[in-house]
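Asker: Just passing along the structure, written as structure tokens.
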Amino acid sequence: MGVTVYNISSTSVRVSWPPSPICRDTFYSVMYDPNWNSLIMGYKRKSFKHEERIPVSQTSTHLANLLPLTAYFLCVTCQAADPVREQCKVFSTLSESSETHDRGGWEHMAGVWLTCCLLLLIVAGLLVWGCLHSTCPFPGRAADSCPVVTNVSRQNRSASAHLFPPRSSSEDSIKRAAAIQPPLIQAHPPTGNYPEHES
């Protein structure tokens, strides 16, 4: 029978073992004790101060109320039999300070992760707002400030180009103005005989 010890903390541990087909009893006996004299006494049942009985339908149990930073000697056997070497395991519980340190480290990492996520969301929101603001300065009047060029507007522009020919150069404008300008009025009246007015 191979005993496995896992999920070790400062005051508790989880123990599992494979089912034993030769065990005809109705219970498994899980025995444990921090007293190392049990090794010298040959794995006798009376050497263990703590014993828990687990139904044969189960192959694991949770042990609580252990002492922190303590080495335990544990054996799992049938209800009426003494354990043998292959049915035993030695494990040590953790200290309370190390367990608190591990929990604090996980909480610190979770806080840093949440802070980074919030900062990334804020930066992404600012970038999206900046892009929208540069494209359409007034989001409330997007239709006026961001006109959409369609095929109809392009046709209107081409039609207006046919109706209004392009402007000519300045020299052409001067020539046209000279051609349509009326003749200048003579500055000096014509010479001739005018009747004198009688006084």
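Asker: Considering (1) in contact with a Ser or Thr (Cβ under 8 Å, 6 or more places away or on another chain); (2) part of a loop (DSSP other than H, G, I, E, B), say which one V76 fails and leave the rest.
Answerer: (2)
Asker: Just for region 36-49: of the residues that are open to solvent by 80 Å² or more (accessible area, probe 1.4 Å) and in contact with an Asp or Glu (Cβ under 7 Å, 6 or more places away or on another chain), which one is modelled with the highest pLDDT?
Answerer: Going through the qualifying residues, I end up with K49.
Asker: Which of the residues belonging to region 59-75 are open to solvent by less than 90 Å² (accessible area, probe 1.4 Å) and either out of contact with any Lys or Arg (no Cβ under 7 Å at 6 or more places or on another chain) or small (G, A, S) (or both)?
Answerer: T59, S60, T61, L63, A64, L66, P68, T70, A71, Y72, F73, C75, listed by residue number.
Asker: Among residues belonging to region 76-135 that are within 20 Å of H62 (Cβ to Cβ) and open to solvent by 80 Å² or more (accessible area, probe 1.4 Å), point out the one that is modelled with the highest pLDDT.
Answerer: Applying the filter and picking the extreme gives K89.
The values are calculated or read from the model by the stated rules, or taken from the named source; none is laboratory data. As the structure is a prediction and not an experimental result, all values here were calculated from the model. Every residue, glycine among them, receives a Cβ derived from its backbone with ideal geometry; neighbour counts consider all protein chains shown. SASA here: full protein model, heavy atoms, side chains in, ligands and nucleic acids out. Shrake-Rupley method; radii C 1.70, N 1.55, O 1.52, S 1.80 Å.
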